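Student: Provided herewith is a single structure, encoded as structure tokens, for subsequent inquiry.
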Amino acid sequence: PTMAMRLSAITKALRQAEDDLGVALFQRSSRGVVVTELGERVLSRARTIAGEIDRLDDEVAQLRGEQIGSIHACLSPFAAVQIMPQALARFRKQRPNIEVHLSSGLFPGALKPLREGRTDMLIGPTPPTSMLRDIQSEHLLETPIVVITARESPFLKARSLADLVDARWIMIGAPQGPGDIFRKPFIDNGLASPKAATTCESYFGAMALVETLGAVCTFPLRLLENLKKGWDIAPIAIREPFAPLQISLMTRSGHPLTPVAEELANCVRGQAASIVHADLKK
């Protein structure tokens, strides 16, 4: 059956669920239909079921040797620049006809599509353990964290966190996301926690704000080395270290990847291992 047919069946099932549960999943009015809070939960389950049916079809076909199917991967900016291009190049040599859909995201926002099965894998900063419910996290590598600012900013001369308490901070991503790490070293060193008046979901957007405003923000060193050419920014040589950023491959617990998705995951693992090996040779 086609996806349209499946969605039609799911719609009928939702109407039946309303009758069986005795609660409204949708609020209907002259202006249209709005999903209720309970309806959102039911729809989330329905999407997961529909996605699993599609994966089952792909898996059976792939086990027969057919070159069909698709993979959905969500990447952090670091993974998009440092890991996926080389990993995908390896994958394409073996699986040239498999559709690969790449999106960008960071935790916590990127975790919901992964849990619902809309994303097969997430490659990026490792979330806190408390956020990893139903998610399997596999460590790939780590990258040092530096604090950056504009080359003309007076904060470039800072040598201690104490010099940056009153700086204009940019936080990359949402609160409780990987960019939120900038506060902890201040607290650990007995300093006032700085405030980020501006948050930015884009690494490139954050770099533009840093360059234009003379603001400061934490940034993965490996990514900075790739992107800093053409930007009037530089790392600040402060004494206190930031904990390195851990990069992981995340999948849903209890939901094995399809054969071709596992192949792509192996290419990701291989590229991460190459980066680690190159570091050891330096």
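The values are calculated or read from the model by the stated rules, or taken from the named source; none is laboratory data. Model, not experiment: these values are computed from the prediction. Cβ coordinates were reconstructed from backbone atoms using ideal geometry, including for glycine residues, and neighbour counts include every protein chain displayed. Side chains included, ligands, DNA and RNA excluded: accessible areas come from the protein's heavy atoms. Shrake-Rupley method; radii C 1.70, N 1.55, O 1.52, S 1.80 Å.
Student: Considering the range 252-279 alone, what residues qualify as being assigned to a loop (DSSP other than H, G, I, E, B) and touching a Gly at 6+ places or on another chain (Cβ under 8 Å)?
Tutor: HIS255, THR258
Student: Same structure again: Which of the following residues is modelled with pLDDT of 70 or more, farther than 21 Å from LYS112 by Cβ and either within 31 Å of the chain's Cα centre (by Cα) or surrounded by 12 or more Cβ atoms within 10 Å (Cβ to Cβ) (or both): GLU18, GLU37? Talk me through it step by step, then tell me what you get.
Tutor: Values: GLU37 fails: farther than 21 Å from LYS112 by Cβ.
The conditions single out GLU18.
Student: Counting just the residues of the range 243-267 that are in contact with a Lys or Arg (Cβ under 9 Å, 6 or more places away or on another chain) and small (Gly, Ala, Ser), which one comes out nearest to LEU141 (Cα to Cα)?
Tutor: Filtering first and then ranking leaves ALA243.
Student: Of the residues that make up the range 193-201, is at least one surrounded by fewer than 22 Cβ atoms within 10 Å (Cβ to Cβ) and in contact with an Asp or Glu (Cβ under 7 Å, 6 or more places away or on another chain)?
Tutor: No, there is no match, as no residue in the range 193-201 is surrounded by fewer than 22 Cβ atoms within 10 Å (Cβ to Cβ) and in contact with an Asp or Glu (Cβ under 7 Å, 6 or more places away or on another chain).
Student: Could you grab the pairs with beta carbons closer than 7 Å, sequence gap of 6+ or different chains, first residue in the range 25-39 and closer than 20 Å to LYS12 by Cβ and touching a residue at least 12 places away in the same chain (Cβ under 8 Å), second one of a type in the set (S, T, N, Q) and open to solvent by less than 70 Å² (accessible area, probe 1.4 Å)?
Tutor: Close Cβ pairs satisfying both conditions: LEU25/THR36; PHE26/THR36.
Student: Taking the condition of being polar (S, T, N, Q) and open to solvent by 40 Å² or more (accessible area, probe 1.4 Å), how many residues in the range 217-236 meet it?
Tutor: So the answer is 1.
Student: Given ARG168, ARG239, ARG183, which one is over 20 Å from the mean Cα position of the chain (by Cα), open to solvent by 30 Å² or more (accessible area, probe 1.4 Å), free of Cβ contacts under 8 Å to residues at least 12 places away in the same chain and under 19 Å from THR149 (Cβ atoms)? Spell out the reasoning first.
Tutor: Numbers: ARG168 fails: free of Cβ contacts under 8 Å to residues at least 12 places away in the same chain; ARG239 fails: free of Cβ contacts under 8 Å to residues at least 12 places away in the same chain.
On inspection, the qualifying residue turns out to be ARG183.
Student: OK, next. Given the options SER44, SER30, SER104, name the one that is of a type in the set (S, T, N, Q), farther than 20 Å from PRO256 by Cα and surrounded by 12 or more Cβ atoms within 10 Å (Cβ to Cβ). Outline the logic, then answer.
Tutor: Working: SER44 fails: farther than 20 Å from PRO256 by Cα; SER30 fails: surrounded by 12 or more Cβ atoms within 10 Å (Cβ to Cβ).
SER104 is the lone residue from the list that is of a type in the set (S, T, N, Q), farther than 20 Å from PRO256 by Cα and surrounded by 12 or more Cβ atoms within 10 Å (Cβ to Cβ).
Student: Give the residue, chosen from ASP58, ASP54, that is under 20 Å from VAL260 (Cα atoms) and touching a Gly at 6+ places or on another chain (Cβ under 6 Å).
Tutor: Details: ASP54 fails: touching a Gly at 6+ places or on another chain (Cβ under 6 Å).
Matching residue, one of ASP58, ASP54: ASP58.
Student: Here's something else I'd like to know. Being of a type in the set (Gly, Ala, Ser), at pLDDT 75 or above and closer than 25 Å to GLY173 by Cα narrows it down to one residue among SER103, SER70; which is it? Steps first, please.
Tutor: On the way: SER70 fails: closer than 25 Å to GLY173 by Cα.
Checking each option against the conditions leaves just SER103.
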